[in-house]
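One structure is given below, encoded as structure tokens.
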Amino acid sequence: MRGKPSWRTGSAVCILSSVLLLSACGDWSTGAEPIDPPPAAVEEAMLAAAESHGKEAVAGTKLEEVYLQDNNGFLVPVSLPVPGGTAEVNAKASLEMLVNGGPYAGTLPDGFAGVLPQGTEVQSVTIDKNGKLAVVEFTKPFTEYKKADERKIVEAVTWTLTEQPDIQNVQIWVDGQKLSEMPKGGMPLDHLLTRGIGINLQLGQGASYTSSRPVTVYFSASSPAGIQYYVPVTRLVPPGEDKMKASLEELIRGPRPEDGLNQVMTSETVLKSVEQSPEGIVKVSMDDNMFAQGEVVPAEFLQSVVLTASENAGNSSAKVQIVLNGETNVLGEDNINYGKPAAKPQHLNEIPI
């Protein structure tokens, strides 16, 4: 690659080892004096018991993407282990992770936090699989938030729940009453909530809030520990544009300078064409003369294309094939050939605790 910019390509790491450590921790909040370490034989027995308990805990969990706020103020899907069981149990635990200072606050990665008001409890989640509807009921503290956080709260709840295959629509209740609007800023809730509300909403070039259509693109950022992760941003673009083409052009245009996000494309990237087959394969052809023939391409560059194209394909199982500079053999630094149809990762942003 000629004139290659600085890429942040930190790899994702499995977080389950951290869960094991947390499961073995005692209560450090009592202010008690430290005690002497146990004898070696006792310590070995304790470690064996902890290991056994940890295996049971991991066996009873499932990785789910929950939408947390990062240090830049963006909502980010973070894959974390939540208690397994029924779909309702799984969804309830996922939402509990969104509570600021809630029961899972100590298990979140550094630099991420929940956006639901402190003290909020998830009373229940009921799922109608036929209607792909989740009805979630919160306690009264859910309504005690800053007005500026209103939309972010709705987005986090909606996008977290709709990560589950049985859920496409969401309805919010508080203490036995269905909300027709959010209490602080009046965001309407009289229609079912879907991912169509967008996430991390921004106004794109040439669009207005009254005349636009949304597309969602994926940029990247880095955690305080230097771990790279992907951030979805919904841009409002002028109506009439092809949605897939518009989303990829916004990806190439890049993040706003003030956002603290990384530019995943280079200044030389040009979108040549986009084709979507009836089989659900999106073929994206791009040129970028900063990459020589056969050169390994940053995974951040390629994965952002896959995430963006699959998000806007209107098909949850869509796969993305990339042609770069006319080459159909496009090898990423993650050893994936993106010249062959690739699906979005099953678990996005596995950030260690």
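The values are calculated or read from the model by the stated rules, or taken from the named source; none is laboratory data. On a predicted model such as this, the values are computed, not experimentally measured, just so you know. Every residue, glycine as well, gets a Cβ built from its backbone with ideal geometry; the counts of neighbours run over all protein chains shown. Note: areas computed on protein heavy atoms with side chains; ligands, DNA, RNA excluded. Shrake-Rupley method; radii C 1.70, N 1.55, O 1.52, S 1.80 Å.
At a glance:
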item: Residue within region 259-268 that is farther than 19 Å from residue 219 by Cβ and touching a Phe, Trp or Tyr at 6+ places or on another chain (Cβ under 7 Å) present; result: no
item: Qualifying residue in region 250-268 (condition: in contact with a strand residue (DSSP E or B) (Cβ under 7 Å, 6 or more places away or on another chain), acidic (Asp, Glu), open to solvent by 40 Å² or more (accessible area, probe 1.4 Å) and closer than 23 Å to residue 297 by Cβ); result: no
item: Contacts under 9 angstrom Cβ, first residue in region 206-234 being among the aromatic types (Phe, Trp, Tyr), partner assigned to a strand (DSSP E or B) and surrounded by fewer than 15 Cβ atoms within 10 Å (Cβ to Cβ), 6 or more apart; result: 209/203
item: Selection status of residue 157, in contact (Cβ under 8 Å) with a residue 24 or more places away in the chain, crowded, with 16+ Cβ neighbours inside 10 Å and not in a helix (DSSP H, G or I); result: no
item: Hey, residue 178 touching a Phe, Trp or Tyr at 6+ places or on another chain (Cβ under 7 Å) and surrounded by fewer than 18 Cβ atoms within 10 Å (Cβ to Cβ) or not; result: no
item: Residue in region 272-285 that is surrounded by fewer than 20 Cβ atoms within 10 Å (Cβ to Cβ), charged (D, E, K, R) and closer than 23 Å to residue 229 by Cα present; result: no
item: Residue check, residue 278 out of contact with any Cys (no Cβ under 7 Å at 6 or more places or on another chain), touching a residue at least 60 places away in the same chain (Cβ under 8 Å) and part of a loop (DSSP other than H, G, I, E, B); result: no
item: Some residue of region 307-318 being over 23 Å from residue 236 (Cα atoms) and not in a loop (DSSP other than H, G, I, E, B); result: no
